[in-house]
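Just so you know, all these numbers are worked out from the coordinates, no wet-lab data involved. Not measured: the values here are computed from a predicted model. Cβ: placed from backbone, ideal geometry, glycine included. Neighbour counts: every protein chain shown.
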Amino acid sequence: MSSPSKALPAWIDVGVIPLINILLAFFVSGIVILIIGEDPIEAVKIIIYGAFGNDYNIGYTLHYTTNFIFTGLAVAVAFHASLFNIGGEGQAYIGGLGVGLLCLALDQYVPFWIILPLAIIASGLFGAAWAYVPAYLQAYRGSHIVITTIMFNFIAFSLMNYILVNVLIEPGQMSPESRDFLASAQMPTMQEAVGWFGIEIQKSPLNLSIFLALFSCLFVWLFIWHTRWGYAIRMFGFNENAANYSGINTQRLVVGTMCLSGVLAGFVGINEIMGNHNRVMLDFVAGAGFTGIAVALMGRNHPVGIIIASLLFGTLYQGGAELSFEIPTIQGEMVKAIQGLVILFCGALAYMTRPTIERIFTAIVASNGTAKEQTNG
Amino acid sequence: MKKLFQTAAASIIALTAAASHAEDIKPAVVFDMGGKFDKSFNEGVFNGVEKFSKETGIKYREFEVTNPSQREQAIRKMAQRGADPIVGVGFAQGPAIEKVAKEYPDIRFTIIDSVVDLPNVQSVVFKEHEGSFLVGVLAAMASENQKVGFIGGMDIPLIRKFACGYAQGAKYAVGSAEVYSNMTGTTPSAWNDPSKGSELAKSQFDKGADVIFAAAGGTGIGVYQAAKDAGKYAIGVDSNQNHLQPGTMLTSMTKGVDVAAYNAFKGAMDGTWKPGLHALGLAENGVDWALDDNNKSLITDAMKAKVKEARDGIVSGSISVHDFTSDSSCPAL
């Protein structure tokens with residue numbers, strides 16, 4: 001995405017403006033909390049403590065963060081090619097199915113170190129396959145990617161439900177869930193991992209998938225800004241005709257970009273299915289695919305921004321849950337409203353404060369300039 | 001005199017001890033996705049615990065989970081805060097309760113709609129197929145075309161268990177009865193989609209059905225409305241919903257989730273709480289069909305006799321109702 005004006009230095013554009021937007025969102029949330037008769041300062045304290053107060057809470061925060069990094073990257077990669085991938089939810093869901101099928105098939109026969117790379121490939125392949133069809137339809141048939149990816153979310157829900165209810169369900173069990181994976185198909189939790197170094201922390205869903213997420217960030221950064229393919233993607237995003245004219249096969253580019261996007265979304269399956277639940281189940285994505293859109297918007301489609309935005313949303317998810325736990329009058333819906341306000345101010349209204357800040361900034365620069373001139377003169 | 005005084009004092013001490021012991025419990029409930037006002041299952045539990053709270057003045061802790069990872073987290077948090085007993089709502093919380101109950105062997109857990117086999121867990125399940133069988137009998141007898149419908153919420157084994165029991169009941173009462181079965185959807189939103197419920201009901205009416213049993217949470221509201229508009233009958237679920245559309249609500253299949261939740265708290269307070277499996281069927285009054293002022297004119301004596309015969313048969317064991325979840329198949333559908 002190009003910025004509307006070049007008047008501001010980058011650190012204001014990616015640092016100060018998002019920060020002001022977040023503060024605005026919290027300010028409005030605070031007013032809402034005041035209206036229902038609770039103390040907003042107390043609420044912020046609970047959110048911060050709930051997200052970072054101890055190793056257990058941090059584990060949950062980072063677990064959600066991992067999901068959001070994957071889906072945020074997925075949206076961002078597609079965004080660089082001006083493709084709006086709303087299907088992260090479905091791609092992540094099907095990616096989890098890929099992981100689950102592989103783990104269920106192999107966990108009795110082979111050790112973890114063989115399953116892990118295969119599971120990563122499976123999640124990526126399944127996620128990519130789910131993105132491939134809308135991508136193909138966009139590239140070769142002109143169906144709009146927004147519509148098709150949304151529809152594919154619903155198809156993914158139905159497919160998962162059918163498979164879980166009819167095929168994968170553990171017999172004699174009420175809940176449509178597969179059997180638990182054996183230990184050979186379970187991603188070590190962070191508790192086990194730091195245990196190898198003699199450090200003790202509480203068990204939380206946080207697992208080694210977070211390193212896959214960070215590695216994916218590095219990969220996306222290298223890929224988008226330091227390879228020819230990344231260059232082609234960005235060029236296509238800026239101007240489709242120019243890309244076409246310079247000899248890029250834009251149809252293949254659309255399909256390729258969407259498949260990469262699907263791969264990244266599919267990795268959510270590694271974090272949730274292999275790392276957390278250790279079985280295939282319904283609804284494990286829990287909105288991470290949609291949150292990824294907000295994360296990518298806020299992170300300005302840059303991996304570093306996405307990590308920071310993911311951490312913010314991880315904090316809101318985990319801290320928000322603690323908030324409704326500690327203050328029962330602030331219910332789940334209220335927490336969702338706060339999250340919604342953050343998305344509204346940082347996403348939809350991202351440029352609302354920009355003109356004001358621009359004016360203030362130019363005023364400061366100008367006064368500095370005149371001050372300098374005066375001392376010089 | 002002195003002795004009498006002593007006895008009185010002792011009994012007063014004993015009484016206060018008992019009273020303070022009774023106030024000792026710190027009950028907690030973890031509602032599942034859908035929330036406590038889902039017009040169905042969670043709300044039933046909510047009504048039960050509210051009743052307990054009003055009667056005894058004991059406040060309870062509560063939490064509504066909004067994603068699957070929060071189930072275990074919320075239950076563990078309740079346990080860390082010293083809550084006892086902790087009630088988990090819905091089969092989806094089974095694995096979470098199992099994990100946390102192992103970590104806190106001294107805390108009493110109650111799971112509704114699922115089975116967790118641990119010494120400190122009380123598992124309350126319902127024989128929905130038995131209750132559905134009875135309303136199936138009533139539906140088939142009330143139907144003029146011998147065609148009855150079933151509309152489920154989300155397509156999960158539990159709802160198919162309702163459908164299967166219902167179909168068996170209909171065929172038990174009228175051998176040639178036809179049963180149409182539709183599910184509203186495959187995602188949790190299927191529990192709260194009245195307009196889709198209404199559409200499905202209309203299409204079943206068009207096919208000739210004239211009684212529809214909705215086991216679909218909030219979606220059922222649309223089914224009941226459609227039945228009223230078309231002048232056909234509908235059957236409610238979970239709680240007694242006969243009052244929603246008096247005159248066209250044939251009956252309701254009631255499921256005592258409120259009683260189960262109430263008893264979990266009350267039992268813990270009185271010391272009568274017991275772990276283990278509690279399967280509540282017709283014999284235990286866990287499921288039933290509702291008869292009140294709103295529908296008594298719709299239920300004929302012949303229907304009453306037939307449903308009583310079916311009920312006695314099920315309780316005595318001479319009629320066995322096939323449970324869909326036992327082998328994931330339904331011979332009657």
Exercise. For segment B:166-233 and segment A:289-309, what is the separation of their C-alpha centers, rounded to whole Å?
Worked result: 44 Å
Exercise. What number, in percent, do you get for the relative contact order of chain A if the mean sequence gap of Cα pairs under 8 Å and at least 6 apart is divided by its residue count?
Worked result: 34 percent
Exercise. What are the principal axis extents of the Cα atoms in the protein assembly as shown, in Å, biggest first?
Worked result: 104, 81, 54
Exercise. What percentages, rounded to whole numbers, describe P(r) for chain A computed over all alpha carbon pairs with 10 Å bin width beginning at zero?
Worked result: 5, 21, 29, 25, 13, 4, 1, 0, 0
Seminar exercise, completed: When chain A is treated as a Gaussian network with springs between alpha carbons less than 10 Å apart, the largest mean-square fluctuation among A:N153, A:N67, A:N244 is found at A:N244
Seminar exercise, completed: Checking A:G98, A:G88, A:G332 against a Gaussian network model of chain A (alpha-carbon springs below 10 Å), the top fluctuating residue turns out to be A:G332
Problem set entry | Along each principal axis, Cα extent of chain B, largest first, Å | 78, 51, 35
For this session: Express in nm, to one decimal, how much length is gained between A:Q202 and A:W11 on full extension, taking 0.36 nm for each residue of separation and deducting their alpha carbon distance.
Result: 65.0 nm
Seminar exercise, completed: Here the relative contact order (percent) of chain B, from C-alpha pairs under 8 Å and at least 6 apart, is 18 percent
Exercise. Considering the protein assembly as shown, which cysteines have no disulfide-compatible partner, defined as another cysteine with its Cβ under 4.7 Å away?
Worked result: A:C103, A:C217, A:C259, A:C346
Seminar exercise, completed: Counted neighbours (other Cβ, 10 Å), sorted fewest up, put A:C346, B:C330 in the order B:C330, A:C346
For this session: Count the DSSP beta bridges whose two residues both fall in chain B, then state the antiparallel fraction as a percent rounded to the nearest 5.
Result: 10 percent
Problem set entry | Cross-link pairs B:K51/B:K171; A:K203/B:K59; B:K147/B:K296 - those with Cα-Cα distance over 27 Å | B:K51/B:K171; A:K203/B:K59
Exercise. Considering only the protein assembly as shown, what is the antiparallel percent among its DSSP beta bridges, to the nearest 5?
Worked result: 10 percent
For this session: Would you please give the FRET efficiency between A:F84 and A:V365, computed as 1/(1 + (r/R0)^6) with r the Cβ-Cβ distance and R0 = 30 Å, to the nearest 0.05?
Result: 0.25
Seminar exercise, completed: From fewest to most C-beta neighbours within 10 Å, the residues A:E192, B:E130, A:E358 line up as A:E192, A:E358, B:E130
Seminar exercise, completed: Note: probe point = Cα of B:D24 + 7 Å toward Cβ; backbone nitrogen < 13 Å; residues of segment B:240-279 passing the test are B:268-272
For this session: Using a Förster distance of 45 angstrom, determine the FRET efficiency expected from the C-beta separation of A:A242 and B:S195, and round it to 0.05.
Result: 0.45
Seminar exercise, completed: Non-local residues with an amide H under 5 Å from the amide H of B:Y180, with H modelled 1.01 Å from N and Pro and chain starts lacking one, are B:V148, B:G149, B:F150
Exercise. In deg cm²/dmol, rounded to 500, what helix-only [θ] at 222 nm does chain A give when every DSSP H run of at least 4 residues adds -39500 (n - 2.57) and the total is split over its residues?
Worked result: -22000 deg cm²/dmol
For this session: Please identify, among A:F219, A:F126, A:F152, the residue showing maximal mean-square fluctuation in a Gaussian network model of chain A using a 10 angstrom Cα cutoff.
Result: A:F219
For this session: State, to one decimal in nm, how far the label point of A:T353 lies from the label point of B:D229, with both points 7 Å from Cα in the Cβ direction.
Result: 4.8 nm
For this session: Scan around B:S114 for amide H atoms under 5 Å from its own, H built in the peptide plane at 1.01 Å from N, and keep only partners 5 or more places away or cross-chain.
Result: B:V124
Exercise. Which whole-Hz couplings ³J(HN,Hα) result when phi for each residue of segment B:245-253 is put into the Karplus expression 6.51 cos²θ - 1.76 cosθ + 1.60, θ = phi - 60°, listed in order with x for Gly and Pro?
Worked result: 9, x, x, 10, 8, 5, 5, 9, 8
Seminar exercise, completed: Expected vector for segment A:145-150, Karplus 3J(HN,Hα) from phi with 6.51, -1.76, 1.60 and θ = phi - 60°, integer Hz, x for Gly and Pro, equals 4, 4, 5, 5, 5, 4
For this session: Fewest Cβ neighbours within 10 Å first, please rank A:I306, B:I221, B:I111 accordingly.
Result: B:I221, B:I111, A:I306
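Over all residues in B:106-115, what is the mean tally of Cβ atoms on other chains that come within 10 Å of each residue's Cβ? Before the final figure, lay out each step's value.
Values: counts 0, 0, 0, 0, 0, 0, 0, 2, 3, 3.
If you average over the peptide's residues, the count of other-chain Cβ atoms is 1.
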Problem set entry | Cα lying deepest toward the dipole's positive end in segment A:48-313, options A:A105, A:G269, A:A131, charges on Cβ | A:A131
